[in-house]
Structures are given as structure tokens and as C-alpha cells.
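Here's the structure we're looking at; comments come further down.
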Amino acid sequence: MLGTGGIAQWIQDNVVPLILIVIAIGVLWAGNAGNISKAVTKIGVSLVGIAFLAMVVSGSSDDVGQWLVSLVHAG
């Protein structure tokens with residue numbers, strides 16, 4: 001019997017690394033083209049997107065929120 005359980009589990013297990021790889025390639029490409037401000041903007045927007053994705057996948061918004069605060073608050 002065919003089902004989507006295997007595909008759904010594979011996507012859940014591998015979606016974040018795949019997104020990070022695509023983001024890294026885009027940032028490196030923009031940096032290589034000499035457009036550093038575009039690369040920095042992509043990094044910032046990507047972090048916010050990954051944070052929302054982590055909240056959806058893990059259901060742990062408290063941990064994700066603490067991680068986001070730790071990015072900007074040292075101590």
C-alpha cells in the first residue's frame with residue numbers, strides 16, 4: 001500500500017538542512033558577486049524564516065524564542 005507517511009517523515013527530517021544548504025549557496029553567490037549588503041539581508045531574513053519553520057516543526061516556541069533572544073542578547 002502506498003502512503004505519504006514515508007515522504008512526510010523524510011521531508012520533516014531533512015527540510016531544515018536542505019533549506020540551509022540553499023540559503024548558504026545563495027548567500028555565497030551574492031557575496032561572490034560583490035553584493036555584500038544583499039548577502040547580509042538574506043542571512044537575516046533566512047534566520048527569521050528558519051525560526052518560524054522550527055516553531056512549526058517542533059511545536060516548541062519557547063525554545064525557539066530563547067534561541068532568537070540569545071542571538072541579539074549576550075549574557
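Computing the accessible area with a 1.4 Å probe over protein heavy atoms, can you report the carbon and sulfur percentage for region 4-74?
Of the solvent-accessible surface of region 4-74, carbon and sulfur hold 71 percent.
With all protein chains kept in place, the per residue accessible area of the chain amounts to 78 square angstrom at a probe of 1.4 angstrom. Per-residue ellipticity at 222 nm, computed for the chain from helices alone with -39500 (n - 2.57) per DSSP H run of at least four residues, works out to -29000 deg cm²/dmol.
Largest to smallest in accessible area, the residues TRP29, TRP10 fall in the order TRP29, TRP10 (1.4 Å probe, all protein chains included). Here the chain yields Rg over Rh of 1.09, to two decimals, using C-alpha coordinates and the Kirkwood radius.
The values are calculated or read from the model by the stated rules, or taken from the named source; none is laboratory data. All of these numbers come straight from a predicted model, not from anything done at the bench. Protein only, heavy atoms only, side chains kept; ligands, DNA and RNA dropped before computing areas. Shrake-Rupley method; radii C 1.70, N 1.55, O 1.52, S 1.80 Å.
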